[in-house]
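Chemist: Questions regarding the structure given below will be posed in turn.
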Amino acid sequence: MSTFYSKEKPGSDLKVGSNQKAGSDLRAEYQKFIGRKMLFLLILVLGIIGLAGYAATRGSADISVMDVYATILARFFPGHFQTTWFSDTIVWGLRLHRILLAIVGGIGLAIAGAVMQGILKNPLASPFTLGISSAAGFGAALAIVMGAGFVGGEWLIIGNAFIFTLLASGAVYGLAKYKGITPETMILAGIAIMYLFQAMTSFLQYIGHAEQVQEVVFWMMGSLGRSSWDKVWIVTGVIAICFPYLLLKSWDINAMGTGDETAKSLGVNVERTRVVSMMLVSLITAAVICFTGTIGFIGLVSPHITRMVIGGDHRFLLPASALVGAVLLLGADTLARTVLAPVILPVGIMTAFLGVPFFVYLFMRRKKEFW
């Protein structure tokens, strides 16, 4: 009769203990990894709240930061906070809707830029470089110079900018579909569309009167001076509808960053994800720039700044880029209103002045690849 028995190898208890310790260390390191990203998000949220309060104090009539917050809270908790008619008129009637449009506009443009860079694997991809903003500029120029558009009245310029943005996105998709939807074909199609609409806009400026040309140029520089509560709610609603899907697809976008073949092997429907994401960010971009004019810098630089700070995981990159975009656009608009007061500069100029030095500073300090 044979007797079977098991005998543990010497040191097996030590090996199990070391594996458990290694697992605990990995979990602790991962929690620290997530904690740093959440801390960055929290700092950005607090920064937006503080910057918004400061922005509301600046203007032809100055009020204190405490008056601003008390006026806002009094609308929701009237029994606990007191305000005055003057502060209520300044904050709710004149300044807060502009501040909120800067916040949601920056959020929308930054999300669009981050998603485009992710699905196209190109650090230069943005609504501006892919022809979407150029199409909006042509739609506005057509309304200003020719008086032609899809809708009439006060919505003529806004409607043209919105519809031509969507038309440009459809044209990019159609050209890319004809040659096969890849990052390269979509980028080349976007560049072609950008130059086409830029040429048509230049033609309209050439044949327009001086006053019309001046208005076209001012619109294309970007401005938040046409803000209103209706516009804030429209932009917020579009972002609220589109962003959850994009955030849900963040894992797919991460996989696409390693290459289409690798993403397909992981079960990602690459073409559908790329097309649907492109359509959603085009809708977000259209909703923003039809009210603000073309502001090209936010969508390009916000994702890069965020990627340099917290890395390229789109689960965190998308919301963090959105908050960075809000900070950049709100800060730029605040400077635009105050640096040469009472003259208000176009916010598109200030975004470049504000963001480029900071971006170059981060770029020069970075000692490893950031894409």
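Chemist: Would you mention how many residues in the range 92-134 are touching a residue at least 24 places away in the same chain (Cβ under 8 Å), more than 17 Å from ILE193 (Cα to Cα) and assigned to a helix (DSSP H, G or I)?
Modeler: Just the residues of the range 92-134 that are touching a residue at least 24 places away in the same chain (Cβ under 8 Å), to begin with: 94-134.
Within this subset, residues satisfying the condition of being more than 17 Å from ILE193 (Cα to Cα) are 94-115, 117-119, 121-123.
Checking the rest, the ones that are also assigned to a helix (DSSP H, G or I) come to 94-115, 117-119.
Final tally of qualifying residues: 25.
Chemist: Would you point out which residue out of ARG27, ARG58 is exposed (fewer than 11 other Cβ atoms within 10 Å of the Cβ), modelled with pLDDT under 85, over 30 Å from ASN122 (Cβ atoms) and not hydrophobic (A, V, I, L, M, F, W, C)?
Modeler: ARG27
Chemist: Among the residues of the range 341-352, write down those that are outside any loop (DSSP other than H, G, I, E, B) and modelled with pLDDT under 80.
Modeler: Residue satisfying the conditions is ALA352 alone.
Chemist: Suppose we filter THR334, THR294 for residues that are among the β-branched types (Val, Ile, Thr) and at pLDDT 90 or above; which single one remains?
Modeler: Being among the β-branched types (Val, Ile, Thr) and at pLDDT 90 or above holds for just one of THR334, THR294, which is THR334.
Chemist: Now for a different question. Of everything in the range 205-252, what is of a type in the set (Ser, Thr, Tyr), surrounded by fewer than 17 Cβ atoms within 10 Å (Cβ to Cβ) and assigned to a helix (DSSP H, G or I)? Give them in sequence order.
Modeler: TYR206, TYR245
Chemist: Among the listed residues GLY153, GLY106, GLY139, identify the single one that is at pLDDT below 90 and not hydrophobic (A, V, I, L, M, F, W, C).
Modeler: The unique qualifying residue is GLY153.
Chemist: So PRO319 passes all but one of these: (1) crowded, with 16+ Cβ neighbours inside 10 Å; (2) over 15 Å from the mean Cα position of the chain (by Cα). Which condition number does it fail?
Modeler: It is condition (2) that PRO319 fails.
Chemist: How many residues does the range 33-73 hold that are touching a residue at least 24 places away in the same chain (Cβ under 8 Å) and among the hydroxyl-bearing types (Ser, Thr, Tyr)?
Modeler: Qualifying residue count for the region: 2.
Chemist: I've got another one for you. Kindly list the number of the only condition in (1) surrounded by fewer than 20 Cβ atoms within 10 Å (Cβ to Cβ); (2) touching a helix residue (DSSP H, G or I) at 6+ places or on another chain (Cβ under 6 Å) that fails for GLY296.
Modeler: Among (1) surrounded by fewer than 20 Cβ atoms within 10 Å (Cβ to Cβ); (2) touching a helix residue (DSSP H, G or I) at 6+ places or on another chain (Cβ under 6 Å), GLY296 violates only (1).
Chemist: Of the residues that make up the range 258-269, is at least one in a helix (DSSP H, G or I), farther than 30 Å from PHE150 by Cα and either in contact with a strand residue (DSSP E or B) (Cβ under 9 Å, 6 or more places away or on another chain) or among the aliphatic types (A, V, I, L, M) (or both)?
Modeler: Residues of the range 258-269 that are in a helix (DSSP H, G or I), as a first pass: 260-265.
If we keep only those that are farther than 30 Å from PHE150 by Cα too, we end up with 260-265.
Then drop every residue that is not either in contact with a strand residue (DSSP E or B) (Cβ under 9 Å, 6 or more places away or on another chain) or among the aliphatic types (A, V, I, L, M) (or both), which leaves 263.
The answer is yes; a qualifying residue exists.
Chemist: OK, next. On the given criteria, is PHE76 in contact with a Leu (Cβ under 7 Å, 6 or more places away or on another chain) and of a type in the set (Phe, Trp, Tyr)?
Modeler: Here the answer is no, as PHE76 does not meet what is asked.
Chemist: Filter the range 210-252 for residues that are more than 30 Å from TRP92 (Cβ to Cβ), in contact (Cβ under 8 Å) with a residue 40 or more places away in the chain and within 16 Å of the chain's Cα centre (by Cα) and give the result.
Modeler: Those that are more than 30 Å from TRP92 (Cβ to Cβ), in contact (Cβ under 8 Å) with a residue 40 or more places away in the chain and within 16 Å of the chain's Cα centre (by Cα): LEU246, LEU247, SER250.
Chemist: Just to check your reading of the model, which residue among GLY137, GLY170, GLY149 is over 19 Å from the mean Cα position of the chain (by Cα) and part of a helix (DSSP H, G or I)?
Modeler: GLY170
Chemist: Checking the conditions here, which among THR89, THR83 is of a type in the set (S, T, N, Q) and not in a helix (DSSP H, G or I)?
Modeler: Result of the check over THR89, THR83: THR83.
Chemist: So, GLU184, is that one surrounded by fewer than 24 Cβ atoms within 10 Å (Cβ to Cβ), among the acidic types (Asp, Glu) and within 20 Å of ASP260 (Cα to Cα) or not?
Modeler: Considered against the rule, which asks whether it is surrounded by fewer than 24 Cβ atoms within 10 Å (Cβ to Cβ), among the acidic types (Asp, Glu) and within 20 Å of ASP260 (Cα to Cα), GLU184 comes out as yes.
Chemist: Do we find that PHE76 is surrounded by fewer than 16 Cβ atoms within 10 Å (Cβ to Cβ), more than 30 Å from LEU318 (Cβ to Cβ) and not small (Gly, Ala, Ser) in this structure?
Modeler: no
One line per residue, one yes/no per condition, for (1) among the basic types (Lys, Arg); (2) under 27 Å from ALA141 (Cβ atoms); (3) free of Cβ contacts under 8 Å to residues at least 12 places away in the same chain:
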site: LYS264; (1), (2), (3): yes, no, yes
site: VAL270; (1), (2), (3): no, no, no
site: LEU283; (1), (2), (3): no, yes, no
site: ALA286; (1), (2), (3): no, yes, no
site: PHE291; (1), (2), (3): no, yes, no
site: ILE295; (1), (2), (3): no, yes, no
site: GLY299; (1), (2), (3): no, yes, no
site: SER302; (1), (2), (3): no, yes, no
site: MET308; (1), (2), (3): no, no, no
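The values are calculated or read from the model by the stated rules, or taken from the named source; none is laboratory data. Predicted model, so just to flag it, every value in this text is computed and none were measured. FYI the Cβ positions are ideal-geometry reconstructions off the backbone, even for glycines, and counts take in every protein chain you see.
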